[in-house]
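See below for the structure under consideration.
The values are calculated or read from the model by the stated rules, or taken from the named source; none is laboratory data. Just so we're clear, the structure is a prediction, and the values are computed from it rather than from any experiment. These area figures cover heavy atoms from the full protein model, side chains too; ligands, DNA and RNA do not enter into them. Shrake-Rupley method; radii C 1.70, N 1.55, O 1.52, S 1.80 Å.
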Amino acid sequence: MSTITTTYFPELEDIQKAASTIKEVAMVTPLVNSIRYSRQYEANILLKREDLQRVRSYKIRGAFNKISSLTKEELDKGVVCASAGNHAQGVAFACNHLGIEGTIYMPSVTPKQKVEQTQMFGGDNVKIILEGDTFDDSSKAAKEACISQEKTFVHPFDDPKTIEGQGTIGLEIFKQSDVSIDYVFVAIGGGGLASGLCGALKALSPKTKIIGVEPKGAPSMLTSIRNNKNTEIVDIDKFIDGAAVQKVGDLNFDICKEHLSDMYTVPEGMVCQTILDLYNRDAIVVEPAGALTLAALEFYKDKIKDKNVVCIVSGSNNDITRTAEIKERALLYADLKHYFIIRFPQRAGALKQFVGEVLGPNDDITHFEYSKKSSRENGPAVVGIELKDKKDLEPLINRMKKLNFFGDYLNDKPDLFQFLV
């Protein structure tokens with residue numbers, strides 16, 4: 001007796017159909033060799049440049065494919081989505097292109113630049129509503145509006161048509177590469193892109209290993225796979241906003257659990273250093289999620305040697321106002337930035353002594369907060385110090401203690417540290 005399965009899997013025929021649907025709006029983005037990464041890892045490292053897409057991320061593929069699949073009656077009523085970033089821009093572009101009404105819910109804390117960018121792509125066809133403090137708040141409001149107004153909700157990842165649209169990247173990689181691909185590294189947030197890749201590459205290149213990459217502070221897919229059930233994570237680090245979700249899609253979990261070759265998480269600070277390196281060394285601007293796959297290569301350097309490897313650079317919607325935080329997180333991850341409570345004797349010359357006798361020749365004060373307390377023998381200050389070499393930390397602390405300046409080390413105290421970074 002044959003077993004009937006109802007589990008969804010993106011079929012090659014449907015992904016090919018999606019490719020035909022989206023070709024009027026989505027670019028066939030370049031697949032290019034990275035000289036620097038290829039030399040660093042002694043492999044053929046290819047970058048799939050979705051950061052060059054029309055809306056600066058791959059999200060236009062799934063959004064347009066989903067909206068294009070709707071009936072005329074559904075299109076006439078309009079669509080709704082919730083997003084603080086790339087999905088919103090993809091839906092906005094699709095609405096403007098197709099001439100339909102779209103309502104986009106975004107958290108009230110969404111940076112003004114992202115709101116304006118979404119409005120630019122959507123034009124007069126899109127209405128933006130700022131609702132709640134989190135994505136979950138916005139998503140709840142968007143789904144309630146769909147029910148009350150009989151509109152269609154365009155899900156960012158947990159939808160067959162969205163998945164098939166994202167899977168068109170796999171078709172392009174297969175056609176563009178003149179060598180067989182050993183590994184493809186893909187960032188995972190909700191899992192839509194990874195699911196689509198599984199559908200395309202399992203049909204076209206079944207020996208290719210697909211490696212999912214998540215932020216260490218938001219390991220929703222890895223946690224779910226380990227638990228063997230789709231699991232919501234309550235407390236996540238939202239810094240890598242394009243790949244930080246509390247719960248992956250149900251369809252996406254089923255697909256990735258069965259078809260990914262491996263899952264790995266990358267520390268946020270390491271991703272930040274990758275962003276800086278891509279900008280400074282390669283003149284490539286990426287958002288945090290766009291750097292995930294390249295950051296993950298370090299953990300696979302032994303496995304990928306002499307292999308053909310594709311890293312999907314998923315997007316470039318990075319806000320320049322985040323640069324200071326990106327640099328800060330990179331320095332912290334490299335153990336080059338440290339925060340202390342310093343107890344300054346309340347006497348003339350104390351600061352001069354600290355600078356002259358405690359700081360090393362290559363140490364630099366980058367943060368200083370101090371209030372003089374006239375009734376106290378010592379006045380505490382919060383001091384941030386940047387080092388040239390992480391080996392300089394222990395001698396620095398020893399000098400602080402020897403001269404009675406040391407109060408406390410803050411980097412390993414998260415409750416205090418969150419107010420500084």
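Straight-line reach from residue 390: taking Cα to Cα under 23 Å and skipping same-chain neighbours fewer than 8 places apart, the lysines in range are 216, 327, 337, 401, 402, 413. Surface exposure of the stretch 263-373, expressed per residue as accessible area with a 1.4 Å probe, stands at 46 Å². Once the 1.4 Å probe is applied to the protein heavy atoms, the stretch 89-153 comes out at 50 Å² accessible per residue.
Ligands, DNA and RNA left out, the 1.4 Å accessible surface of the stretch 263-416 is 48% carbon and sulfur atoms. Measuring with a 1.4 angstrom probe and ignoring ligands and nucleic acids, residue 147 comes out at about 140 Å² accessible. Between the labelled values (i) 44, 26, 19; (ii) 37, 22, 18; (iii) 32, 24, 21, the entry that holds semi-axes √(5λ) of the Cα gyration tensor in Å as derived from this structure is (i). Helix-only arithmetic for the chain: the sum of -39500 (n - 2.57) across DSSP H runs with n ≥ 4, divided by the residue total, places the mean residue ellipticity at 222 nm at -12000 deg cm²/dmol. Taking Cα atoms only, the orientation of helix 112-122 departs from the longest principal axis of the chain by about 10 degrees. Shown are 120, 270, whose ranking by accessible area with a 1.4 Å probe and every protein chain present, most to least, is 120, 270. Ligands, DNA and RNA left out, the 1.4 Å accessible surface of the stretch 25-148 is 51% carbon and sulfur atoms. Residues 135, 354, ordered by accessible area of protein heavy atoms at a 1.4 angstrom probe radius and largest first, appear as 135, 354.
Taking 271, 234, 80 in turn, the Gaussian network model of the chain (Cα-Cα springs below 10 Å) assigns the largest fluctuation to 234. The long axis of helix 323-333 is offset from the longest Cα principal axis of the chain by roughly 70 degrees. Here residue 47 sits with roughly 10 square angstrom of accessible surface, probe radius 1.4 Å.
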